[in-house]
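Asker: Quick one: structure below, then a few questions.
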There are 2 protein chains.
Amino acid sequence: MQPSLGVLLFIPYRHMEQRILQTVEAAGYPITLAQARLFQRIDEQGSRLTRLAEAAQVTKQTAGYLVDQLEDAGYVQRSADPDDSRAKLVTITERGRAGIAVARQKEEAIEAEWAAHLGPRASRQLRAALVRLREITDPYA
Amino acid sequence: MQPSLGVLLFIPYRHMEQRILQTVEAAGYPITLAQARLFQRIDEQGSRLTRLAEAAQVTKQTAGYLVDQLEDAGYVQRSADPDDSRAKLVTITERGRAGIAVARQKEEAIEAEWAAHLGPRASRQLRAALVRLREITDPYA
DNA sequence: CAGGATAGTCAGAGACACTGACTATCCTGC
DNA sequence: GCAGGATAGTCAGTGTCTCTGACTATCCTG
């Protein structure tokens, strides 16, 4: 029986997610799945909460709740947005960047494993297909 | 900037998941994400709770909670397992099967959309790569 | 500058996932 | 055959995540 593409996408995704989370936690940067998903969407120069909520596809209340926790953990900070005094910019702290570095390293290691299993050609094709798929599946690309 | 493979896998996955859920709900078969993920793992001839919990990677308590709700909604039923009187078999009802049919139809429609966007060649390559990736990322394959 | 839109927060509720503890049944080795 | 460990499932309690609804403050447009 053919598993659906949905399931086929989900399996490696979760595999990677869990391994990265484990590694990051072991390195002293505990974070939950929901927190990490939001955290990933923060721009280099900082993101507004509402923008973040849209990107992560949660309500702004949920985003606010998660940012509270990321802030408590020392990964991000809120600061005033100079362009709009209603808004606040969520920016990544040094500690947050350190955590990201650990995550990225693991991620690259896993991608390398995958590339070794698939071969370089199929590996490039996979990424290319997913990038193209994003065009019609990510409203916030 | 290159988005990570993890994110690239997640985006279309969630896109599909949400569209199917919407469709199924509109057709009169409301179900939550967590319920659906468990529901998908039920075998044709019925599954034991503990087995189901392992497959969906949740605790058996969580699986029990979700089966309660699926039972309330009329999608599954519990019956005694003839081979083991400790165990109960969770089986899919007629109503459950009707819901699955709606979901599958939508899933095929979305896959067709994707194939149209990627082209038949890249589309086949994508599936093939994901199937191969499963070999090293799915402990329950 | 009035009125609608937007950024964010507060409060309350439900869903979901966990750990720990428990009962009932099964199975294995003596 | 039966004692002891393993297994199937449930109950209770807790923490996390997500939502809806209501609210304040600020921005923007006519």
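Rule-based calculations on the coordinates, nothing more; no lab input. Since this is a predicted model, take the numbers as computed values, not measurements. Here Cβ is always computed from backbone atoms with ideal geometry, including for glycine, and neighbour counts include all displayed protein chains.
Asker: For segment B:1-42, what class follows from the C-alpha gyration tensor (a ≥ b ≥ c being the square roots of its eigenvalues): rounded when a/c is under 1.5, otherwise prolate if a/b is larger than b/c, else oblate?
Answerer: oblate
Asker: In addition: Put the label 7 Å from Cα along Cα→Cβ for residue A:30; what are its distances to the other copies, in nanometres, shortest first?
Answerer: For residue A:30, the other copies' label points sit at 3.6 nm, shortest first.
Asker: Under 5 Å between amide hydrogens, which residues at least 5 positions from residue B:76 or on another chain qualify, with H placed 1.01 Å from N in the peptide plane?
Answerer: B:71, B:93
Asker: Here is a further query. Using the Cα centre of the protein assembly as shown as the reference point, and only Cβ charges (+1 on K/R, -1 on D/E), how large is the resulting charge dipole? Debye, rounded to the nearest 20.
Answerer: The calculated dipole for the protein assembly as shown is roughly 500 debye.
Asker: Follow-up. Dipole size in debye (nearest 20) for segment A:39-80 around its Cα centre, Lys and Arg Cβ +1, Asp and Glu Cβ -1?
Answerer: So the dipole magnitude of segment A:39-80 works out to roughly 160 debye.
Asker: Got a sec to turn the phi values of segment B:101-118 into Karplus ³J(HN,Hα) couplings, 6.51 cos²θ - 1.76 cosθ + 1.60 with θ = phi - 60°, whole Hz, x for Gly and Pro?
Answerer: My calculation for segment B:101-118 gives 4, 4, 4, 4, 4, 5, 4, 5, 5, 5, 4, 5, 4, 5, 4, 5, 6, 8 Hz in order.
Asker: Further question: Sticking with the crude label model, points 7 Å out along Cα→Cβ, report the distance from residue B:86 to residue A:50 in nm, one decimal please.
Answerer: Label-label distance for residue B:86 and residue A:50, simple model: 5.6 nm.
Asker: A follow-up question, please. Name the residues whose placed amide hydrogens come within less than 5 Å of the amide hydrogen of residue A:48, ignoring near sequence neighbours (fewer than 5 apart) on the same chain.
Answerer: Here the answer is A:90, since their amide H atoms fall under 5 Å of that of residue A:48.
Asker: I'd like the distance between the alpha-carbon centres of segment B:53-103 and segment A:41-56, rounded to an integer number of Å.
Answerer: 39
Asker: Taking a label point 7 Å out from Cα toward Cβ, give me the nm distances from residue B:101 to the same spot in the other copies, shortest first, one decimal.
Answerer: Nearest to farthest, the other copies are at 5.8 nm.
Asker: Under the Karplus relation 6.51 cos²θ - 1.76 cosθ + 1.60, θ = phi - 60°, what is the ordered set of whole-Hz ³J(HN,Hα) values for segment A:34-50, x standing for Gly and Pro?
Answerer: Going residue by residue, I get 5, 4, 5, 5, 6, 4, 4, 8, 6, 5, 3, 8, x, 10, 7, 4, 5 Hz, with x marking Gly and Pro.
Asker: What shape does chain B take by its C-alpha gyration tensor, where a ≥ b ≥ c are the square roots of the eigenvalues and a/c under 1.5 counts as rounded, a/b above b/c as prolate, and the rest as oblate?
Answerer: The shape class here is prolate.
Asker: Express in whole angstrom the spacing between the alpha-carbon centres of segment A:1-28 and segment B:108-141.
Answerer: Between the Cα centre of segment A:1-28 and that of segment B:108-141, the gap is 16 Å.
Asker: Which ³J(HN,Hα) values in Hz, rounded to whole numbers, follow from the phi angles of segment A:64-77 under the Karplus curve 6.51 cos²θ - 1.76 cosθ + 1.60, where θ = phi - 60° and Gly and Pro get x?
Answerer: x, 4, 5, 5, 3, 6, 5, 5, 4, 7, x, 8, 9, 9
Asker: Find every distance from the label point of residue B:135 to the corresponding label point in the other copies (7 Å from Cα along Cα→Cβ) and write them in nm, one decimal, shortest first.
Answerer: Its label point is 3.1 nm from the equivalent points in the other copies.
Asker: Which lysines have a Cα lying under 20 Å from the Cα of residue A:60, excluding residues fewer than 8 positions away in the same chain?
Answerer: Within the straight-line cut-off, residue A:60 pairs with A:88.
Asker: What does the charge dipole of chain B about its Cα centre add up to, to the nearest 20 debye, if the Cβ of each Lys and Arg holds +1 and the Cβ of each Asp and Glu holds -1?
Answerer: Dipole of chain B, to the nearest 20 debye: 340 debye.
Asker: Mind checking the mean number of beta-carbon atoms from other chains within 10 Å of the Cβ atoms in A:36-46?
Answerer: 1
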